[in-house]
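Peer 1: Below is one structure. I have some questions about it.
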Amino acid sequence: MPSTASLRYTLHSRYPGEHLVRSRGNLLRSIEMIAESDPDLGAMRNVAGRTILLAAHPELAREVLTAFPRSLKKGLGLQRTRNVLGNGLLTSEGEFHLRQRRLAQPAFHRERIARYADVMVERTESVAATWHDGQTLDIARAMHQLTLDIVGRTLFNVELEGQAAALGRALTAVLDTFSIWLLLIGDRLYDWPLPKMRRAKRAIPVLDAAIYEIIAQHRQQGEDQGDLLSMLMSARDTEGDGSGMTDQQLRDEVMTLVLAGHETTANALAWTFWYLAQHPEVDARLAEEVRSVCPDRPPAMADLPLLPYTRAVFSESMRLRPPAYATSREVLTPIELGGHTIPVGAQIAVSPWVTHRDPRWWHEPLRFDPDRWLAPRSEPLHKHAYFPFGGGTRLCIGEQFAWTEGILLIASLARHWRFHLTVPADSIRPQPAVTLRPSPGVPVRLERRR
Ligand code: HEM
C-alpha cells in the first residue's frame, strides 16, 4: 500500500498536462504513465491544472468504487457524457439514481436474461446465415449492428435492425467527440466549430428522433409489453407526487441503455475475434468445446456452465482490452485513501486497463492466455484485480446480460466460422473514446468450419 511519501502530486507533473504531452496525446499511455509514477496511487495534473489520481492497487480501486458513495460523484469524463446521455442511469446521482436503478433492476433479473438469451442466439444465427465462405467484412461493425439490434428487441421490444447502420453512424459521430473532451478537458470545446463537433451535433437529433419514436410507439400501443420501457413508463414516484417519468427522463434512460447496452459488448466481441484470429490453437480449442456441447444445434442459456473455455476466452479478452478502460469519481467531501486525505475537487480514476496488466497480479500480463482463468491456475493473484464491470452501487447493471450475450455470441459464431484478419493485427489499435474501440475496425475474411 502507498506510504504518505509516495503521493507527490507536484513531482509527478512538473507542469499541467505533462503526461499528455509526454505520451503524445495517447490517452492510454498517459494513464499508464500515472501508474508508473506510483503503481498504487499515482497522481498528475491535467491540462486544466486539476489533480487526477489513479487508484491502481486493487484494494484502493475497490475502495473508490464501493466505500464512499456519498463523498464521491461521477468524474469529469462521465459528467461530460450528459451532453448526450442526459440524466440517465450512468450519469445520475444520489436518491434519483437509486430510484431509477430500482425501477430498471427487474429487467435484468435472471429469468429475464434467460428469455433474452433466446433472442441473442436467434439474431446471431440469422445474421451469420447471410454470410458466405471467403466473404470479407468488418466484424467490429457487424457486432455493433447485432448488439444494437439485440438491445432494441430485448429491452424495448423494437426492431432497430433496419436503422442499425444509420444509428450506428450517429452513435459513432457522438462517441468520437468524447476523447477530445477527455483530452483537452473543456466543456466549451463543444461550441467550437471543429468538424468532429459539427458531426456530433448533427447526430444527436438523429438519435433523439429514433428514441422518441420508440417511446411514442409504446405510448400508442398503450398496453404493458413486459419490457424495460413499459416498466419505466408505468413507474410512479410513490415517495414524491406520484407522477410518472417525463418523456425527457424516459429519453435519457433509453439513450443510456441503448448506448451502454451495445457499444461495450460489441467492442469486447470485436476484440475477442481479433485475438482468436491471432491464436489458432485457442480458436481450435474453443470451437471444439462448442461442438462437443452443441454439435447440431445453436447454443442456449443452459449451456453456459458447460462452456468454461469460451468464458475464459471472453474474460481474457476483456482483461487486455477492457471496454470500459477507466472510470473516475470526483471528490465531494474529503476522503481518506491509502493513508492520504484526498481534497474536494480531485478526480480519482480507476483503470481496468492498468490494473488488468499489472505483473503483481498476473503472470506474463501482456500474454493472451485464457488458461490463466482455469484450474489449476488461479489468477488473478489479488481477488479484486479484475473489474471490467466496475463495482459498488454503480456496478454495471448489465453485467449478467453482457456475460450471457458475449459467451453465447462467441459460441454461436465459432460453431460455423473462423475469422482471418485481412490486415496486420497491430495495425488495429485500441482507440480510447467512451469505450475502447478497435480502430479503424476489424476487417476479416470468413472461413466456414468443416
Ligand atoms: C462487456 C460489456 C460491458 C462492460 C465492460 C460494461 C462496463 C460497465 C462499467 C465499468 C460500468 C460502471 C461505470 C462507472 O462506475 O462509472 C457500467 C455501468 C453501466 N452499464 Fe455496463 N458494461 C457492459 C455492458 C452493459 C450492458 C449490456 C448494459 C445494458 C443492457 C449496460 C448498462 C449499464 C448501465 C445502465 C450502467 C450504469 C449503472 C449505474 O450506475 O447504476 N452495460 N458498465
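The values are calculated or read from the model by the stated rules, or taken from the named source; none is laboratory data. Predicted, not measured: the structure shown is a model, and the values here were computed from it. Neighbour counts are summed over all protein chains in view; Cβ atoms, including those assigned to glycine, are modelled from backbone coordinates with ideal geometry.
Peer 1: Which of the following residues is away from the ligand (no atom under 13 Å from the Cβ), at negative phi and in contact with a Lys or Arg (Cβ under 6 Å, 6 or more places away or on another chain): Val282, Val290, Val313?
Peer 2: Val290
Peer 1: Further question on the same structure: Would you check which residues across the stretch 41-75 are more than 16 Å from Val331 (Cα to Cα) and out of contact with any strand residue (DSSP E or B) (no Cβ under 8 Å at 6 or more places or on another chain) and list them?
Peer 2: Result: Val47, Ala48, Pro58, Glu59.
Peer 1: Given the conditions (1) farther than 17 Å from Thr310 by Cβ; (2) out of contact with any Ser or Thr (no Cβ under 7 Å at 6 or more places or on another chain); (3) modelled with pLDDT of 95 or more, which single one is not true for Thr393?
Peer 2: Going through (1) farther than 17 Å from Thr310 by Cβ; (2) out of contact with any Ser or Thr (no Cβ under 7 Å at 6 or more places or on another chain); (3) modelled with pLDDT of 95 or more one by one, Thr393 breaks only (3).
Peer 1: Hey, does the stretch 408-423 have a residue that's surrounded by fewer than 18 Cβ atoms within 10 Å (Cβ to Cβ) and closer than 25 Å to Leu54 by Cβ?
Peer 2: No, every residue in the stretch 408-423 fails to be surrounded by fewer than 18 Cβ atoms within 10 Å (Cβ to Cβ) and closer than 25 Å to Leu54 by Cβ.
Residues checked against (1) surrounded by 16 or more Cβ atoms within 10 Å (Cβ to Cβ); (2) without any contact (Cβ under 8 Å) to a residue 40 or more places away in the chain:
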{"site": "Ile342", "(1), (2)": "yes, no"}
{"site": "Pro352", "(1), (2)": "yes, yes"}
{"site": "Thr355", "(1), (2)": "yes, no"}
{"site": "Leu366", "(1), (2)": "no, no"}
{"site": "Asp369", "(1), (2)": "yes, no"}
{"site": "Ser378", "(1), (2)": "no, yes"}
{"site": "Leu381", "(1), (2)": "no, yes"}
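Peer 1: Anything in the stretch 357-401 that is small (Gly, Ala, Ser) and away from the ligand (no atom under 16 Å from the Cβ)? List them, or say none.
Peer 2: Selection gives Ala375, Ser378.
Peer 1: Considering only the stretch 284-294, I want to know if a residue exists there that is under 26 Å from Cys396 (Cα atoms) and surrounded by fewer than 19 Cβ atoms within 10 Å (Cβ to Cβ). Spell out the reasoning first.
Peer 2: First, pick out the residues of the stretch 284-294 that are under 26 Å from Cys396 (Cα atoms): none.
No, the stretch 284-294 has no match at all.
Peer 1: Same structure, new question: May I ask you to list pairs of residues, at least six apart or on different chains, whose Cβ atoms are under 8 Å apart, with the first in the stretch 267-292 being within 18 Å of Arg319 (Cα to Cα) and the second being modelled with pLDDT under 95 and among the aliphatic types (A, V, I, L, M)?
Peer 2: Close Cβ pairs (under 8 Å, with a partner that is modelled with pLDDT under 95 and among the aliphatic types (A, V, I, L, M)) amount to Asn267/Leu436; Trp271/Leu436.
Peer 1: OK, next. Ala324 versus (1) away from the ligand (no atom under 12 Å from the Cβ); (2) surrounded by 18 or more Cβ atoms within 10 Å (Cβ to Cβ); (3) part of a loop (DSSP other than H, G, I, E, B); (4) hydrophobic (A, V, I, L, M, F, W, C): which is the lone unmet condition?
Peer 2: Status for Ala324: all satisfied but (1).
Peer 1: Follow-up. I need the full set of residues from the stretch 327-339 which are in contact with a helix residue (DSSP H, G or I) (Cβ under 9 Å, 6 or more places away or on another chain) and surrounded by fewer than 17 Cβ atoms within 10 Å (Cβ to Cβ), in order please.
Peer 2: Hit for the stretch 327-339 is Gly339, nothing else.
Peer 1: Which ones in the stretch 61-90 are in contact with a His (Cβ under 8 Å, 6 or more places away or on another chain) and buried (at least 22 other Cβ atoms within 10 Å of the Cβ)?
Peer 2: The answer is Ala61, and nothing else.
Peer 1: A further question follows. Determine whether Leu409 is more than 24 Å from Gly152 (Cβ to Cβ) and among the hydrophobic types (A, V, I, L, M, F, W, C).
Peer 2: It is false that Leu409 is more than 24 Å from Gly152 (Cβ to Cβ) and among the hydrophobic types (A, V, I, L, M, F, W, C).
Peer 1: Could you figure out which of (1) in contact with a strand residue (DSSP E or B) (Cβ under 7 Å, 6 or more places away or on another chain); (2) of a type outside the set (Ser, Thr, Tyr); (3) within 16 Å of the ligand (Cβ to nearest atom) isn't true of Ala277?
Peer 2: (3)
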